[in-house]
Amino acid sequence: MGNYKEIVTKAVVGKAKKTSAGEYILKTEESPNTVLGCWVINHTFSGANNNGSVLINGSFDVNVWYSYDGDSKTAVSTERFNYTDQMNIRLKDNQTITNASEIIVRSLKQPTVSEVRIDEGIVKLNIEKELGVEIVGDTKLKVSVEDLEDDYEVINDEEDEINDEVISEIDEDYLN
């Protein structure tokens, strides 16, 4: 049986993704007649360990362009929305999330408005997003190693002396 070594390294020990949707209410200064456009910008987020699960805190800005006053005027309203998502992630090899674990959060699908409607002068939005989380932790690899014999070439001094003699006998004017 061969020799084995264990290497401790960082690796992805768990990953998951979560799609979520929520209804948000944006209040405007005027009573809107028609929504002319809607977009989500400035999405930021971060993940942290929360007793063995990942707690994601994030925010985004929503801009709604709308008409009012009998569709004779337009305006844009902007509002920042905060959100919190919790993800339970199964880790490989019975590992647990610790404060030493690195938590990487990615937006797999940016927040987008799937539906917008005006209800009694209030703009209601359905916004969907998809987040992915990777947990990086310490893990061990077991690798087979060759015998621990010394594989360096042994050079003795006699060969060095012979090489020095050969070099000293070279005629440097040979090509002239």
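Throughout, read-outs are computed from the coordinates displayed, never taken from laboratory work. As the structure is a prediction and not an experimental result, all values here were calculated from the model. Neighbour counts are summed over all protein chains in view; Cβ atoms, including those assigned to glycine, are modelled from backbone coordinates with ideal geometry.
If only the Cβ of Lys and Arg carry +1 and only the Cβ of Asp and Glu carry -1, the dipole of the chain around its Cα centre is close to 3440 debye.
What is the sum of charges around V76, taking Lys and Arg as +1, Asp and Glu as -1, for the other residues whose C-beta is under 13 Å from the C-beta of V76? Spell out each step's value before the answer.
Working: positive: K73; negative: E29, E30, D61, E79.
That works out to -3.
Given a cut-off of 28 Å, name the pairs among K15/K124; K15/K142; K109/K140; K18/K73; K109/K142 whose C-alpha atoms lie farther apart than that in the structure shown. Long pairs (Cα-Cα over 28 Å): K15/K124; K109/K140; K18/K73; K109/K142.
Per-residue extension of 0.36 nm, minus the Cα-Cα distance of V143 and A48, leaves a gain of 30.9 nm for this segment.
Okay, helix-only estimate at 222 nm for the chain: each DSSP H run of n ≥ 4 adds -39500 (n - 2.57), divide by all residues, round to 500 deg cm²/dmol; what do you get? Mind showing how you got there, number by number?
On the way: 1 runs with 12 residues, N = 176.
Calculated from helices alone, the mean residue ellipticity at 222 nm is -2000 deg cm²/dmol.
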